[in-house]
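Accompanying notes for the structure given below.
The values are calculated or read from the model by the stated rules, or taken from the named source; none is laboratory data. Fair warning: this is a prediction, and the values are worked out from it, not measured in the lab. Positions of Cβ are backbone-derived with ideal geometry, glycine not excepted, and every protein chain shown enters the neighbour counts. Keep in mind that these areas ignore ligands, DNA and RNA; they rest on the heavy atoms of the full protein, side chains included. Shrake-Rupley method; radii C 1.70, N 1.55, O 1.52, S 1.80 Å.
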Amino acid sequence: MEKVTVIGVAGGSASGKTTIVNELRKNFENDIVVLCHDYYYKSHTNLRLEERAKLNYDHPNAFDTNIMIDHLKALIKGETIKRPVYDYTIHDRSSEEVIVQAKKVIVVDGILVLDNQELRDLMDIKIFVETDDDERLVRRIRRDAIERGRSLESILDQYETTVKPMHDQFVEPSKKYADIIIPRGGENKIAIEMIVENIKKRI
């Protein structure tokens, strides 16, 4: 397997990470694979739906990060993995798995991917997407209500009790590990172009 380039894309919830990742997908097409931290939420089949809905999904302990690290190492070696699938409508891991093949460019995406040192050490480029808190909240409301079938009350309750506190405690401090900080998220076309050119030189 030829040398691969691993890019970490972190930032607060609804900061514009997906927009950045989609721009990278457009530029590298068949040469890129994306590994989202959200795929690796822990399974809680032993809990009722109401109990699962109240869990803190923004704390590092909510994720099976060790499995993600093992999968990333396998992809770097050129191996194929079976990654988990998470179903937001039931707040639990699905029984499905997705086969993922190794590519030249691997993007590791998630709010906390720069918080874990072992994960960071596997990255060649570390990006933090920075967007105003109010803008992120508006985006999150739209996304969770439309895409994930959530009520406004549950979205705001989760934001106040876990999303914002965990952002302040874990996500924002991880910004110091970033090589590149992108203000305004996906609107920052110049920053995206610079990152794309950097990756092209590497591969």
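Points to keep in mind about this one:
- Test: residue in the stretch 113-122 that is touching a residue at least 12 places away in the same chain (Cβ under 8 Å), on the phi < 0 side of the Ramachandran plot and either open to solvent by 60 Å² or more (accessible area, probe 1.4 Å) or of a type in the set (Lys, Arg) (or both): yes
- Subset of the stretch 162-199 (residues that are in contact (Cβ under 8 Å) with a residue 40 or more places away in the chain, charged (D, E, K, R) and on the phi < 0 side of the Ramachandran plot): Glu172, Lys175, Asp179, Glu187
- When the stretch 42-70 is limited to residues that are within 16 Å of Val100 (Cβ to Cβ) and not β-branched (Val, Ile, Thr), the one that is surrounded by the most Cβ atoms within 10 Å (Cβ to Cβ) turns out to be Met68.
- Residue within the stretch 132-143 that is open to solvent by less than 20 Å² (accessible area, probe 1.4 Å) and either touching a residue at least 24 places away in the same chain (Cβ under 8 Å) or within 14 Å of the chain's Cα centre (by Cα) (or both) present: yes
- The residues listed here are Val196, Val171; of these, the one that is closer than 22 Å to Asp38 by Cβ and β-branched (Val, Ile, Thr) is Val171.
- Subset tally (residues that are touching a Lys or Arg at 6+ places or on another chain (Cβ under 8 Å) and open to solvent by 50 Å² or more (accessible area, probe 1.4 Å)) for the stretch 28-41: 2
- Positions within the stretch 180-203 being open to solvent by 90 Å² or more (accessible area, probe 1.4 Å) and either among the acidic types (Asp, Glu) or not in a helix (DSSP H, G or I) (or both), in sequence order: Arg184, Glu187, Glu193, Glu197
- When the residues of the stretch 7-27 are filtered to those that are in contact with a Gly (Cβ under 6 Å, 6 or more places away or on another chain) and closer than 25 Å to Glu160 by Cβ, the one that is surrounded by the fewest Cβ atoms within 10 Å (Cβ to Cβ) is Gly16.
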